[in-house]
Amino acid sequence: MTTQSLPARTDAPARTSAAKPAGRGGRRLLRQRAGRQHHAGPLAYVLLAVMAILSIFPLYWTMVAASTDNTRVSQTPPPFLPGPNLFSNLARAWDEAAMGKAMVNSLIVAGVIALSTVLFATLAGFAFAKLRFKGRNALLMLVIGTMMVPPQLAVVPLFMMMADLGWSQQLPAVIFPTLVSAVGVFFMRQYLTEALPDELVEAGRVDGAHSLRIFFSIVLPIARPAMAVLFMITFVHAWNDFFWPFVVLDMTNPTVPVALTQLSAGYVRDQSLIMAGALLGTLPLLAMFVVFGRQIVSGIMAGAVKG
């Protein structure tokens, strides 16, 4: 029995050594296949190019219309190449619509609304996601239910409230009703539910930290990618908001969308002048995305990897 067991022991290392190269080769083949999955085909590049052209074309057409006169814009077919009147039309729109003051007002309004929405939505989202208190689900359903109410229904009571507070025709009348949004609360709640482990919150409790300390020391660093996205979305929405600022403000203290209505006054509308004003109102948003776009995208990717 001893002589019969010896060949089995001598063959085992040979089989093991023969299996190792096969295993390394298999892993190398899997890595090669995984690497090839990250390369897009020609169809993907064609679709991306088409989507990029469709996304850029409205901005390009705005620039073309702003660089011509009203006669050429009304032609059929319309011009598709920029004209020579871009800077003169921009200067006219700047002067006639008081765009300087309007941009300052829009920057104040959009900045304050975006910052307050990010702060309060993150606080509420953390409470709904990780804190346990009586009536939490009912309050969350109430917050979500407010998203189903049309904002036009609140115009009259809000206007009466702003008039009673003495804020009519002033920027606080635009800022105060939109300091926080239900969409932002729900967005941050969903993000923190997945991205914030319960173990980190419990570890903070064990160390003796209260809820605000946990929020500022643990929650904010984890929620930074979602906060960046929420800030940009809220800023753009507040910058472009027209209905409520048009109701509560006048032409002496306008935001950018309200100021642009001055360019459409008269019996004959100068479309090139209107497009020049729209281009002026869009440039700050483009500049903000160029400056902070990379940080926002990298923050989103970092949050996705951590998740």
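The values are calculated or read from the model by the stated rules, or taken from the named source; none is laboratory data. These numbers were taken from a predicted model, which means no experiment stands behind them. Cβ placement follows ideal geometry from the backbone for every residue including glycine, while neighbour counts extend to all protein chains displayed. Note: accessible area is taken over every heavy atom of the protein model, side chains too, but ligands, DNA and RNA are not part of it. Shrake-Rupley method; radii C 1.70, N 1.55, O 1.52, S 1.80 Å.
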Full-stretch length increase - ALA44, PHE87 - with 0.36 nm per residue and alpha-carbon distance subtracted: 11.7 nm
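Which peptide among 248-261, 55-68 comes first, and what is the full order, when sorted by highest mean count of other Cβ atoms within 10 Å? Walk me through the numbers on the way to the answer.
Working: 248-261: 19.6, 55-68: 16.4.
Going from most to least packed, we get 248-261, 55-68.
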What distance in nm separates the two pseudo spin-label positions at LEU59 and PHE159, each 7 Å out from Cα along the beta-carbon direction? 3.6
For segment 58-303, what does the accessible surface come to per residue with a 1.4 Å probe? Please give it in Å². 55
If I stretch the segment between PHE289 and ARG213 completely, what's the gain in nm (0.36 nm per residue apart, minus their alpha carbon distance), one decimal? 24.2 nm
